[in-house]
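Take a look at the structure below.
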Amino acid sequence: YDTGGYTYTVGSSPPPTPTPTPVTCTGNFNQAASSAGSTQVQFSFQPCGWTAGYVIVHYTVSGQTQQNVNMAYNSSSGQWTYTAGGMSSGQTVTYSFTYQEGGLQYDTGTYTWTHP
């Protein structure tokens, strides 16, 4: 049956929900990519002491074309997040962010993460 975009077989468990780890800001922002299930990666972006007008994640899974996606703000964690699917164990994703701070747009450097 279908629930919230996921299809489950009766008796199966839903995919795990990633738990944000409390972090201390050491710069202008914190960023991360983490496993959100056997085929998913969750990107997160957390401004440190300022409010972003928007955050876009740019990511490329090895062997695929680049995706550019507006992230969603989670007010309870103070983070912008986006979960992408279609990954396999051992695949690498290269990603970066574009964000708005104080009415100006900035781009981050590029990061790499490999799905466990």
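The values are calculated or read from the model by the stated rules, or taken from the named source; none is laboratory data. Since this is a predicted model, take the numbers as computed values, not measurements. Positions of Cβ are backbone-derived with ideal geometry, glycine not excepted, and every protein chain shown enters the neighbour counts. Please note that ligands, DNA and RNA were not included when accessible areas were found on the heavy atoms of the full protein model with its side chains. Shrake-Rupley method; radii C 1.70, N 1.55, O 1.52, S 1.80 Å.
With the contact rule set at Cα under 8 Å and sequence spacing of 6 or more, what percent relative contact order holds for the range 25-75?
Value for the range 25-75: 25 percent.
For the pair residue 75 and residue 35, label points projected 7 Å from Cα toward Cβ lie 3.4 nm apart. The stretch between residue 100 and residue 62 holds 10.9 nm of extra length on full extension. This uses 0.36 nm per residue minus the Cα-Cα distance. So, with a 1.4 angstrom probe, what is the percent of accessible area on the range 33-116 that is carbon and sulfur? On the range 33-116, the fraction of accessible area on carbon and sulfur atoms equals 44 percent.
Where a ≥ b ≥ c are the square roots of the eigenvalues of the C-alpha gyration tensor, would you call the range 19-116 rounded, which needs a/c under 1.5, or, failing that, prolate if a/b is larger than b/c, or oblate? Here the range 19-116 falls in the prolate category.
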